Amino acid sequence: MIESQSTESSFPTLPESEKVSGADGAHDMLELRAVRKLYGSFAAVKGVDLAVHRGEIFGFLGPNGAGKTTTIRMAAGVLRPTSGQVLVGGDDVARAPERAKSRVGYIPDRPFLYEKLSGAEFLRFVAGLWGREGEGVEGRIDRLLDLFQLAEWKDELIESYSHGMRQKILISSALIHQPELIVVDEPMVGLDPRSARLLKDLFRTFADQGGTVFLSTHTLEVAEALCDRIAIINEGEIIALGSMDELRSQAHAGSAHLEEIFLKVTGGEAMSDVIAGLREAI
Amino acid sequence: MDAAVPPVAHRAGLLRLLRPKLRTKLNRARSDEGRVFKAALLGFVGLFFWTLIFAVIFRMLLYFRGTQGIGDLLSAKLLGLAFLTFLMILVLSNVITALSTFFLSEDLELVVAAPVEPETVYAARLVETIVDSSWMVTLLAVPLLAAYGAVYAAGPLYYLLALGTLIPFLVIPAVLGAGLTLLLVNVFPARRTRDLLALVGLFTAAGVVALFRFVRPERLMSPEEFSSLVDFVAVLRAPTSTWLPSEWASEALMSFLRGSFDWFPFAFLWCTAAMFGVVGAWLHRGYFDAGFTRAQEGAERKEGRRRSLILDRLLRRALPSTRVMVSKEIRVFFRDTTQWSQLILLGVLVAVYVYNITVLPLYTGEQVSFLLINVVSFLNLGLAGFVVAAIAARFVFPAMSIEGRMMWLMRSSPIDVRTIFWSKYWVGTLPLLLVAMPLIVGTNIVLDASLFILVLTSLTMVGITFALTGLALGFGALYPNYDTENVAEIPTSFGGLLYMMAAVSYLAGIVILEGWPVYAFLSARFEGVEATAGTTPMLAGIAGAALLTVLATWLPLRAGIRKVQSVDF
């Protein structure tokens, strides 16, 4: 468990009335039922089933090209599955997209933003897409920008932001409309150590307040420290799922760290061959 | 680790640097599913325009040749003017292209980091600049030069000479453009340079269009405007611009066609191109690194303007999602110099358009004039419609493509694709109406057209604008280019061509359908009877046009929405 330290008090914590409670407590926050995704004849995701509970931080890991980003994007409603169902708070993203998506905040892996809008204008724009506006939104913009040390850049056009600043704006945009579920692809890319720490604390606090986080990452230390449960996907299929203890037992890995479990279940024994090859190549 | 680092002898050649670009283009063409259809259509349209240009030039040259004594002079003057126009276009497009090939292109980091001679990088980038900036001029030059060859019955050697003339003629402005860009990038940040170039380019283009039109060059072709034939011949004989490569190119070709080939201008053209190339490479070696470094310094702080109260007030009744979409569209457009600056050119084109109408020689007799004025006013609908279609191609057609990289946000948000389309539709339609209505109402008033024609054409123009926006947005979504960073190249795509063809067909349909009531109205007036609005041709024609307009608006929008809903981003 991560220590929260001083950053916790500066979060844009929600008033009791706004705290995430979920529209329907009977359902899991995110559910993927036999989800498949084909790109032409290539199956990127081959029938994934998983459920992310409310108040949980769920890590989604896998090697490059395993189907992680495709799954994440289907969970966020960006991609439509070839078959199967994606349910957010019990609502099918295909059948009731507006209701399902209104609960989600999505942080993609690449920070494409409107270059000609300022940071504050972009956040206002995103809030508007989710039907939020007014004083509440303005206050939240100020709090989020303050939190990520971007207050000074509030009215500067995004085209002059660095990669890390863009990433912070993206994260803020996923929080601006007070989602119940945050779907995030590689959250730590481009962040400085302070912001990375801040983000980890933020996810923890968000989950403690009832929110749910579904995140994919290659930073296994982050996943191990932060996530309540983890799924590992390889070649489009879930090959391991559970808490750290459950993963250890599934992989017969004793008290191993996530890195060893990951390498073991994804065919990492071949690593010694790779290293030998590397020696020859250099 | 093996210490055998390759010696300096390893040098990547020019072809090696050009190969990835060539390969990318080939691969893209190969992976394109409808490539046979596209190639056939593009070939057909290209051939049509080539034939058209060839026929017009051929006819003019035949006419010139028939003019005793001054025929060759006129042909030479026309060729000189054509080359001068090409040269101006080339310098402008090379400056703009060179900025991206030499300083902003994404693959530059790789090339700059590689152990490649600066001269090789320069040559590779110059070839790329020439191809990207000069293909259109080259395509235009083919039927022009072929027409000269045909009229003067020139042999195959002429066509070889034409090719030999065209090569240095294309190199010189490319070197100039690259040199000017190098200078600018060393002084201003790259982004500011791009904005500056967009503005300078457009002001120059607008100035050239306005000047060219307002001096009425057609008068120069009429000898009766000059006090004596001697003066006229003197003007024709005087070179347009002795110091410009356009003059050397036209002189080299004309001397060959006249049967007395003059080597000097041809050799001068090649020597100048070679010298320019050497100087360009030398400047590149000396100043490229500094310029490239400056071009990477992108973090120039620029403040967005405060919220627009007028905009907020205008949109206060709309849904928050519509309001933010519309407001975003307007902000993004007016903050992008490369976008809003096109409005300058647009303003000049509209002024030139209205001016052209005012100088039409229509007043030849009262009865004929009434007929002519009303026919011209009516046909003006098609022409003004074409102008609006072209503007929509530039501004509305790319509307969905430019959202490509932001689709992650649109798709993950709870707003419907329809909301995005409708926001873009209205943001496109209203400004287009502001351009279209003056074109119609203004010219009708200038021409003093009848009230019936004024009302009919004005109302039709409103419908046409609605339909053309729908067509542009719909086709733009059906044939998108989600990857490009350069908005200006989106309308020149295959989808842009299809859109223009659809727009022209629609306009032709409207003119044909409404030609019916207009014919009824004019024949009634001609026979001295008052035309009534209730007659069958009136109703049928207008109803048909209205139906066509509704379909042309609705069908492409619906198809576009479905396409966007089904695409994976």
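Bear in mind these aren't lab numbers, they're just calculated from the coordinates by the rules spelled out. Quick caveat, the model's predicted, so the values are computed rather than measured. Counting neighbours? That spans all protein chains shown, and the Cβs are built from the backbone with ideal geometry, glycine included.
Among B:L157, B:L456, B:L73, A:L175, a tally of other beta-carbon atoms within 10 Å of each Cβ gives an order, fewest to most, of B:L157, B:L73, A:L175, B:L456. At 10 °C and 1.306 mPa s, what whole-number value in µm²/s does Stokes-Einstein give for the translational diffusion of the protein assembly as shown, with Rh from the Kirkwood sum over Cα pairs? Estimated via Stokes-Einstein, D reaches 50 µm²/s.
What translational diffusion coefficient, to the nearest whole µm²/s, does segment A:85-220 have by Stokes-Einstein, given a Kirkwood radius computed over alpha-carbon pairs, a temperature of 25 °C and 0.890 mPa s viscosity? Show your work: numbers first, answer last.
Working: Rh = 15.3 Å.
In µm²/s, the coefficient rounds to 160.
You can think of it this way: the chain between A:S249 and A:D155 has 28.7 nm of extra reach, that is 0.36 nm per residue less the Cα-Cα gap.
Quick check on my link table: of A:K46/A:K168; A:K37/A:K264; B:K328/B:K563, which ones sit more than 31 Å apart, alpha carbon to alpha carbon?
Working: A:K46/A:K168 33 Å; A:K37/A:K264 26 Å; B:K328/B:K563 23 Å.
In this structure, A:K46/A:K168 lie more than 31 Å apart at Cα.
Based on the Stokes-Einstein relation at 20 °C and a viscosity of 1.002 mPa s, and on the Kirkwood radius from alpha carbon pairs, segment A:74-122 is assigned a translational diffusion coefficient of 172 µm²/s. Could you tell me whether segment B:12-109 comes out rounded, prolate or oblate from its Cα gyration tensor? Rule is a ≥ b ≥ c as square roots of the eigenvalues, rounded for a/c under 1.5, then prolate if a/b exceeds b/c, otherwise oblate. The shape class here is oblate. The separation of segment B:551-569 from segment A:120-161, counted between C-alpha centres, amounts to 32 Å. Span-like helix criteria (full DSSP H runs; alpha carbon extent of at least 20 Å along the helix axis; mean Kyte-Doolittle hydropathy of at least -0.5) are satisfied in chain A by A:193-208. Once each part is reduced to its C-alpha centroid, what is the distance from segment A:190-229 to segment B:465-528 in angstrom? Segment A:190-229 and segment B:465-528 have Cα centres separated by 53 Å. Over all distinct Cα-Cα pairs of chain B, the Kirkwood formula returns a hydrodynamic radius of 27.2 Å. About its Cα centre, chain B has a charge dipole of approximately 1440 debye under the convention of +1 per Lys or Arg Cβ and -1 per Asp or Glu Cβ, with nothing else charged.
Quick one: pull the percentage of alpha-carbon pairs in chain A with a separation above 24 Å. All intermediate terms of the calculation are to be shown ahead of the outcome.
Working: 20463 of 39621 pairs.
Everything past 24 Å amounts to 52 percent.
Here the simple spin-label model places points 7 Å from the Cα toward Cβ, and for B:F49 and B:V332 these points are separated by 2.8 nm. Placing a pseudo-label 7 Å from each Cα along the Cα-to-Cβ vector at A:E98 and B:L196 gives an inter-label distance of 5.0 nm. Listed by Cβ neighbour count within 10 Å, with the fewest neighbours leading, B:T549, B:T322 appear as B:T322, B:T549.
Post the alpha-carbon centroid distance, segment B:378-429 to segment B:50-94, in whole angstrom. Distance between centres, Cα-based: 38 Å. Each helix, a run of at least 4 DSSP H residues, gives -39500 (n - 2.57); summed and divided by the residues of chain B, these come to -26000 deg cm²/dmol at 222 nm. Only the Cβ atoms of Lys and Arg (+1) and of Asp and Glu (-1) were treated as charged; on that basis the dipole of segment A:116-178 about its Cα centre amounts to roughly 260 debye. Positive-end ranking of B:W135, A:I230, B:L47 along the dipole of the protein assembly as shown, with charges on Cβ about the Cα centre, is headed by B:L47. Projected label points at B:A290 and B:L139, each 7 Å from Cα along the beta carbon direction, are separated by 4.0 nanometres. Considering only Cα atoms, the convex hull volume of segment A:116-178 works out to 70 Å³ per residue.
Debye sum, Cα scatterers, segment B:332-566, no solvent: what log₁₀ I/I(0) at q = 0.08, 0.13, 0.14, 0.18 1/Å? Rounded to two decimals, the profile gives -0.34, -0.79, -0.89, -1.28.
Excluding same-chain neighbours fewer than eight residues apart, the lysines reachable from B:K25 by a Cα-Cα span under 21 Å are B:K38.
Ranked by how many other Cβ atoms sit within 10 Å of their own Cβ, fewest first, the residues A:S41, B:S401 fall in the order A:S41, B:S401. Mean projected area of the convex hull spanned by the Cα atoms of segment A:176-227, taken over all viewing directions: 3.6 nm².
Averaging the sequence gap over all C-alpha pairs within less than 8 Å and six or more residues apart, then dividing by the number of residues, gives chain B a relative contact order of 14 percent. Most simply put, segment A:105-240 has about 35% antiparallel DSSP beta bridges, counting only bridges with both residues inside it. Counting only DSSP H runs of at least 4 residues, each contributing -39500 (n - 2.57), and dividing by the residue count of chain A, the helix-based mean residue ellipticity at 222 nm comes to -10500 deg cm²/dmol.
Report, for the protein assembly as shown, the % of DSSP beta bridges that are antiparallel, rounded to 5.
Details: 22 of 39 bridges.
In the protein assembly as shown, DSSP labels about 55 percent of beta bridges as antiparallel.
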